[in-house]
1. Does F113 qualify as being crowded, with 18+ Cβ neighbours inside 10 Å, more than 15 Å from the chain's Cα centre (by Cα), at pLDDT 95 or above and under 28 Å from A63 (Cα atoms)?
2. Which numbered condition in (1) surrounded by fewer than 21 Cβ atoms within 10 Å (Cβ to Cβ); (2) at pLDDT below 95; (3) over 16 Å from F171 (Cβ atoms) is the only one that F83 fails?
3. Residue under question is S221, and the condition is that it be closer than 25 Å to H162 by Cβ and of a type in the set (S, T, N, Q); does it hold?
4. When you scan region 178-273 for strands (runs of 3 or more DSSP E) that lie fully inside it, which ones turn up with 1 or more residues that are surrounded by fewer than 17 Cβ atoms within 10 Å (Cβ to Cβ)?
5. Within the set of pairs 6+ apart or on separate chains, which have a first residue in region 261-273 that is closer than 18 Å to N180 by Cβ, a second that is assigned to a loop (DSSP other than H, G, I, E, B) and of a type outside the set (S, T, Y), and C-beta atoms under 8 Å apart?
6. Would you mind finding the one in E98, E37 that is within 28 Å of R227 (Cβ to Cβ) and modelled with pLDDT under 95?
Amino acid sequence: MEPKTLRVLKSILSTAFLLVSMGASGQPFLQKAIREEPKTIMAIFAHPDDETAVGPVLAKYGAMAKVQVVIATDGRYGVSDHFGMSAGDSLVAVRTQEMACACEELGVHPPHFLGAKDGLGLNGYHNFYEEAAQLKERIKDKIKELNPDVILTFGPEGDTGHPDHRMIGVFTTEILLRENWVNQIDLYYFAWTKEQTKKFPADWGLGWTHPDLLHTKIRFSPQDEERAFASLRCHRSQYTPTELEAWIKAEKQDTTNVLYFRKFALDTVLRNRF
């Protein structure tokens, strides 16, 4: 027979665990909070080369999950003086090959292209409303096809603040809300801290989020980082060799080897006033 004191202690601990494990509805929520590693990650960005912001994390998870990179626009207006190619279909073809190269170097699945026009009509070349509606449907269809556990994209900071970056994050969020997929798919926004932005040129205009609000902190290995560097070098149409090596040097000098994300979460409290 157990001593009475021990039996009472076990009873108290058992009851405490039950209370912690049950929500207001009486349903267990602790099990949901402790989830397995994702089996499929969908990383969706605007342009071929946007994935470079989170390259080391994609390389890390490429070794343990299906990492699917989705690129929304064709990058046709990403003209750089050093490359000597005009905007248009030829540049689209080059950037498509560069993106395939980048995914191979990262060790992730070949990229998916949604085929929207670069600029989404905001540059005055196209019909924004028509193209935006089409792109939302393509994003929805791609999510259904890939069936990810996790989606990574840009938040309102938009990395460099490019309108396309922000818009893809907004569209993706809108789809999850519209289709009521928020509880089925974990959505994470990538963000820099202000300290991290200091390693890059000021004219990049990087946005940042206060570190107290970035609760998802992904560490990566030097090997993951080297894969990311190799993938970065694929984007020769966008960066000169000097720019690429300066970027890589800046990353190497930052030995913290961590990137930050913010999980999208809904407040489920029912209210009838602000």
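1. When the stated conditions are applied, F113 passes them.
2. (2)
3. On the way: closer than 25 Å to H162 by Cβ: no; of a type in the set (S, T, N, Q): yes.
No; evaluated as a whole, the condition is false for this residue.
4. Numbers: elements: 186-191, 216-219, 258-263.
Output list reads 216-219, 258-263.
5. K263/H215; F264/V182; L266/V182
6. Values: E98 fails: modelled with pLDDT under 95.
After ruling out the rest, the residue left standing is E37.
Conditions tested, residue by residue: (1) surrounded by 15 or more Cβ atoms within 10 Å (Cβ to Cβ); (2) more than 15 Å from D49 (Cα to Cα); (3) touching a residue at least 24 places away in the same chain (Cβ under 8 Å); (4) among the hydrophobic types (A, V, I, L, M, F, W, C).
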position	(1), (2), (3), (4)
C101	yes, no, yes, yes
E105	yes, no, yes, no
V108	yes, no, yes, yes
K136	yes, yes, yes, no
L146	yes, yes, yes, yes
I151	yes, yes, yes, yes
H165	yes, no, yes, no
G169	yes, yes, no, no
I175	yes, yes, yes, yes
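Matching residues to (1) under 28 Å from K252 (Cβ atoms); (2) in contact with a helix residue (DSSP H, G or I) (Cβ under 9 Å, 6 or more places away or on another chain); (3) modelled with pLDDT of 95 or more; (4) of a type in the set (A, V, I, L, M):
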residue: I139; (1), (2), (3), (4): no, yes, yes, yes
residue: K144; (1), (2), (3), (4): no, no, yes, no
residue: I168; (1), (2), (3), (4): no, yes, yes, yes
residue: T172; (1), (2), (3), (4): no, yes, yes, no
residue: R178; (1), (2), (3), (4): no, yes, yes, no
residue: E195; (1), (2), (3), (4): yes, yes, yes, no
residue: A202; (1), (2), (3), (4): yes, no, no, yes
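The values are calculated or read from the model by the stated rules, or taken from the named source; none is laboratory data. Quantities reported herein were computed from a predicted structural model and do not represent experimental measurements. All Cβ positions, even for glycine, are placed from backbone atoms using ideal geometry, and neighbour counts span all protein chains on display.
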